[in-house]
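The structure appears below as structure tokens.
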Amino acid sequence: MTHTTIIGAGAIGVSAAYHLAERGVDVTLLDKGHAAGETTGKAGGLVFSQLHEAPDVRAMGYSIDFFRELSELDNHFTYHEVGFLRTGTEAERPAFEQEVSMQREEGADVRLVEPDEIRDIYPPLSVEGVTVGTYAPDDGYADPHTFTTSLLDEAKAKGVDYRPGAKVTGIDSSSTTTVETESGSVQTDVVVIAAGPWSPQVATLADVEIPVKPYRAQALVTTSVDFDIGTVYDAHEGVYFRSEQSGGLLVGDGTEEVESDPDEYAQTADFEFLVEMSEVVERSLPVDDAGIQNAWAGLCTATPDGRPLVGHPPSRPGSDSGPDDVVIAAGLQGHGFMRSPAVGKAVSDIICAGKTDYPEWSPRRFDEHPGDFEIEEMLKLDGKHPNLI
Ligand SMILES: Cc1cc2nc3c(=O)[nH]c(=O)nc-3n(C[C@H](O)[C@H](O)[C@H](O)COP(=O)(O)OP(=O)(O)OC[C@H]3O[C@@H](n4cnc5c(N)ncnc54)[C@H](O)[C@@H]3O)c2cc1C
């Protein structure tokens, strides 16, 4: 039986731990803090199949089923299947049409909607300036913290050895593989690097370079409103919002397309972000003066082509091959929570079966290191994405 050590107990690491334990693998799960204590705990919780690339849409099919199944177990987790609407103008229509056709081919229940239907779906939403949208009734939202801790309970029940407060300081694969932490070392067969924005740093401990850059994204929760809105992405403004359990609205984007240091970034939201988001909320919804209950910033992780890195790492500099005792699960852009069930399964497929349903995500596509690259938020439809006009 392969012993696997996972570094990072965010949604990705916990999902990998669960999927491996389900297949009988011995797993040690290490975190420098605690489960969902970093990026995952700051995510907006949006869950949607309306993504730009076919593998991601397939991944969301698996993930949505997984969220539903976890919801049915005896825990605190709920998947809110309230649908997800993207709104746009004629500028977005060709991209919407192109994407809906691909998403439907991949099995997602998505359709193009016109303003009259948008009014019926979410009556409080203003359709002024909106001429088209896309809608998927199976999409929705979930609380990323509750997801991760509930799944961790399931993983522990299957035998996962979870060690919070265990910062990894070294990975030595000279003879047997040893992971060193501030509170002792672990002998293992395979190391999974699922350290979110710290993944490039942790990878260097294994003498591996991965093309991942952390970048800031922001979110806020307004004071209570007296309506429900489901989940909406305004593709023209590049802003998303949804009803929050507290009664307010969770509003987000504020993406800063520059690299940030995970140990030294501004974790509070920018004043300009609060002002801009309040204006969008007041324009789109029956809210006169949006009060702010809470606001924050966290770090997403970009790759050169916007696709995740899930698999064995690229070649070490100056060598023909990368190590087979290391698996990377990082670079999830701003969509890592929603794809975490599929990513965790892919990690278990790589370790248990030597292959995955997502060869497009292999880090070995960067065997020739891509050098410097620009950070791009993949949710936007502004013509940057290779699949879009
Ligand atoms: C404001 C905001 C909104 C977002 N909204 C959404 C959304 O609506 N939907 C969505 O799908 N995604 C969203 N995301 C993205 C999502 O949060 C991430 O893609 C996802 O949480 C990444 O999970 P992770 O497990 O890779 O990383 P993390 O949750 O950061 O977990 C990594 C873990 O590794 C640990 N670690 C790091 N270094 C070490 C070390 N040396 N030793 C041991 N442990 C270590 C950390 O303590 C941490 O717990 C959002 C992100 C932000 C910032």
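Assorted remarks:
- Debye-sum result for the stretch 1-147 in log10 I(q)/I(0), which assumes one identical scatterer on each alpha carbon, at q = 0.08, 0.15, 0.17 Å⁻¹: -0.30, -0.87, -1.02
- Taking Cys300, Cys352 and counting other C-beta atoms within 10 Å, the order from fewest to most: Cys352, Cys300
- For the chain, the longest principal axis of the C-alpha atoms and the axis of helix 11-22 are separated by about 60°.
- Residue among Pro94, Ser49, Ser71 farthest towards the positive dipole end of the stretch 37-171, charges placed on Cβ: Ser71
- More than 13 angstrom apart: percent of Cα pairs within the stretch 294-339: 64 percent
- Computed [θ] at 222 nm, deg cm²/dmol, the chain (DSSP H ≥ 4; -39,500 (n - 2.57); rounded to nearest 500): -8500 deg cm²/dmol
- Mean sequence separation of contacting Cα pairs (under 8 Å, at least six apart), scaled by the length of the chain, corresponds to a relative contact order of 22 percent.
- Cα-based Kirkwood hydrodynamic radius, the stretch 204-279, one decimal, Å: 14.5 Å
- According to the Cα-based calculation, Rg over Rh for the stretch 258-297 is 1.11, with Rh computed by the Kirkwood formula.
- Summed over all non-identical Cα pairs, the Kirkwood treatment of the stretch 71-226 gives a radius of 20.4 Å.
- Protection proxy ranking of 51-61, 93-103, 187-197 - average other beta-carbon atoms within 10 Å, highest first: 187-197, 51-61, 93-103
- Residue with peak Gaussian network fluctuation, the chain [Cα springs, cutoff 10 Å], from Thr149, Thr181, Thr231: Thr181
- Annotation: the residues Phe366, Phe48, Phe67, sorted from fewest to most other C-beta atoms within 10 Å of their own C-beta, follow the order Phe366, Phe67, Phe48.
- Per-residue Cβ neighbour rank within 10 angstrom, fewest leading, Lys355, Lys42, Lys158: Lys355, Lys158, Lys42
- Per residue convex hull volume, Cα atoms of the stretch 43-118, in Å³: 110 Å³
- Tilt relative to the chain, helix 271-284 - C-alpha long axis, 0 to 90 degrees, to 10: 50 degrees
- The Stokes-Einstein estimate for the stretch 228-335, based on a Kirkwood radius over Cα pairs and taken at 37 °C with 0.692 mPa s viscosity, is a diffusion coefficient of 195 µm²/s.
- Fluctuation leader among Asp261, Asp120, Asp26 - the chain, Gaussian network, Cα springs under 10 angstrom: Asp120
- Angle of helix 93-105 to the longest C-alpha principal axis of the chain, folded into 0 to 90 degrees and rounded to 10: 50°.
- Dipole magnitude for the chain: computed about the Cα centre from +1 point charges on Lys and Arg Cβ and -1 point charges on Asp and Glu Cβ, it is near 1040 debye.
- Share, in percent, of DSSP beta bridges within the chain that are antiparallel, nearest 5: 75 percent
- P(r) tail fraction, the chain - alpha-carbon pairs more than 28 Å apart, %: 44 percent
- Three principal axis extents describe the C-alpha atoms of the stretch 136-247; from largest down they are 61, 35, 27 Å.
- Note on the stretch 118-196: Cα-Cα pairs beyond 17 Å make up 69% of the total pair count.
Laboratory data are not the source of any read-out in this text; all were calculated from the coordinates shown. Only a predicted model underlies this, so the values are computations on that prediction, with no experimental measurement involved. Please note: Cβ atoms are built from the backbone with ideal geometry, for glycine as well, and neighbour counts cover all protein chains shown.
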